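Structure record follows, encoded as structure tokens.
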Amino acid sequence: MTNQVDTFKMLKMQVEKDNNKIHAFEVAQIQLEKATNKMNLDPNILAQLKEPERVLMVSIPVKMDNGTVKVFTGFRSHYNTARGPAKGGVRYHPDVSLDEVKALSAWMTWKCAVAGIPYGGSKGGITCNPKEMSEGELERLSRRYIYEISSVIGPKKDIPAPDVYTTPKIMGWYIDTYNKLTGEASFSTITGKPLELWGSEGRKEATARGLSYTIEIAAKKLNINPLKATVVIQGYGNAGSIAAKLLHEQGYKIIAVSDSKGGVFNKKGIDPFEVLIHKNKTGTVSNYPKARSITNKNLLELECDVLVPAALEGVITKKNANNIKAKIIAEAANGPTTPDADEILYRRGVFMIPDILANSGGVTVSYFEWIQGLYGYFWDEERVNRRLKKLMVKAFNEVLKLAQREKIDNRTAAYIYAVSQVAKAMEARGIWP
Ligand code: NAD
């Protein structure tokens, strides 16, 4: 136990040492340590849970439109596969790094375990700026990435999906490349595909829909009436914009939204449909005429009932945690809150719906897409949403029960639940050879 505590302190110091740069994998390790310090976990299991099972780093040469060849770096990390094939999205972003991909693959492992779906966790990414690339360049990048990682993916090995700045169209290129390489016509190697390529009904909305189910439970618990409640959302992509739409339909007032170029705020409310039209026209939510401009920093600190970080990690830190005024934080993004901030928010009574629970709707419907692809039998949206709700409510209740019983924060409870599921699978397997 002493060793665990020491490691926890050491990692915590490392993160504090370099406050300007949040190292996502250190955050993931601290979260794991914090949870396992409260568990009676076999140290031999813990030792195996601290690092990914395997990481692949690839060079991706791409012929650019101007005739030159640019070499990009790509990653795929399999964190743990005790509970099933690895599962996780692929991110295209200038800040993608090995550290980030490892962290995201750890979070996928815990998320699949919390959601109760038969997967391990993985993640991939390419360090690139898709906003500066033509469609042709993006297609060549995507196809070559799948070629480079093809030996470690497959319907029973590892199943990629979309993440930040990757879309169903890119998933279409992925599945086509994989099928051409293997000579198979499998539709279960990739999820988040377009419906024409046997994507699932409801997948596009799944992350936000799952998130809205968790907000519904939290709001009831805190006696918050949706018809009188306000919501702030950072990030207006797949997760953020659809969360805005669904919560608006449920009667919540969306008072501020943002994207990478900045935010807009109107305390009387913002129509998420109009903002989306504005974003589709101009490429950003900024300068939406019926609201005033606000920075991403100030947006997080607005007075509101529900705050939804739906962009990148490390945005709620010890620097701003004391200024957060939301009653509920529903983490659509992966890793938006640092461990220091978690402690402050818990002390201040902010109700946290942690990422590995809050945004697990996306991977849950990816699981449904995988099942449908394997069987070649496809469900309607009503069935998808009904089954999603059942799994999300079950997962949330398990986490809340544990948090209340042990008097711990929701993130630690979610981790304890997840880690014990993974540990049980590892114990049942034993060590090979
Ligand atoms: P997306 O590419 O569709 O949208 C990302 C959004 O974040 C865009 O609006 C972008 O402008 C904004 N953004 C980027 N940098 C920003 C910054 N510095 N400040 C403010 N906004 C910024 O991506 P997405 O799929 O919506 O993913 C968003 C988050 O949700 C990520 O953390 C992702 O890992 C997580 N997530 C997504 C899914 C899914 O199914 N899409 C599932 C689980 C978790």
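Taken together, the values in this text are just the output of simple stated rules run on the coordinates, not laboratory data. Here the structure is a predicted model, which is why all the values come from computation and not from measurement. A quick note on method: Cβ atoms are made from the backbone with ideal geometry, for glycine too, and the neighbour counts reach across all protein chains shown.
Numbers at a glance
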quantity	calculated
Of every Cα-Cα pair in segment 138-201, the percent that sits beyond 18 Å	24 percent
Inter-label distance, nm, simple model (7 Å from Cα along the C-beta direction), N225/K424	4.1 nm
The chain - percent relative contact order, Cα under 8 Å, separation 6 or more	16 percent
Gap separating the Cα centres of segment 106-121 and segment 238-261, nearest whole Å	26 Å
Formal net charge of residues neighbouring L104 (Cβ-Cβ distance under 9 Å; K, R +1; D, E -1)	0
Calculated Rg and Dmax of segment 308-433 using C-alpha coordinates, Å	17.1, 53
Computed FRET value (nearest 0.05) for I277 with K318, which takes r as the C-beta separation and R₀ as 45 Å	0.75
The chain: DSSP helices with Cα axial extent of at least 24 Å and average Kyte-Doolittle hydropathy no lower than 0.0	98-115
Gain in span if fully extended, V393 to E196, counting 0.36 nm per residue against the direct Cα distance	67.9 nm
Peptides 423-430, 185-192, 372-379 ordered by average Cβ neighbours within 10 Å, highest first	185-192, 372-379, 423-430
Peptide ranges 208-218, 270-280, 99-109 listed from the most packed, as the mean C-beta count within 10 angstrom indicates	99-109, 208-218, 270-280
Pair-distance profile P(r), taking every C-alpha pair of segment 274-342, with 10 angstrom steps and integer %	20, 45, 29, 7
Stokes-Einstein diffusion coefficient of segment 62-178, Kirkwood radius over Cα pairs, 10 °C, 1.306 mPa s, in µm²/s	111 µm²/s
Calculated log₁₀ intensity ratio I(q)/I(0) where the Debye formula runs over C-alpha points of segment 304-372, q = 0.12, 0.13, 0.16, 0.18 Å⁻¹	-0.33, -0.38, -0.53, -0.63
Packing-based order for 219-230, 83-94, using average beta carbon neighbours within 10 Å, highest first	83-94, 219-230
Projected area averaged over orientations for the chain, convex hull of C-alpha atoms, nm²	20.8 nm²
Computed [θ] at 222 nm, helices only, for the chain once each DSSP H run of length n ≥ 4 contributes -39500 (n - 2.57)	-15500 deg cm²/dmol
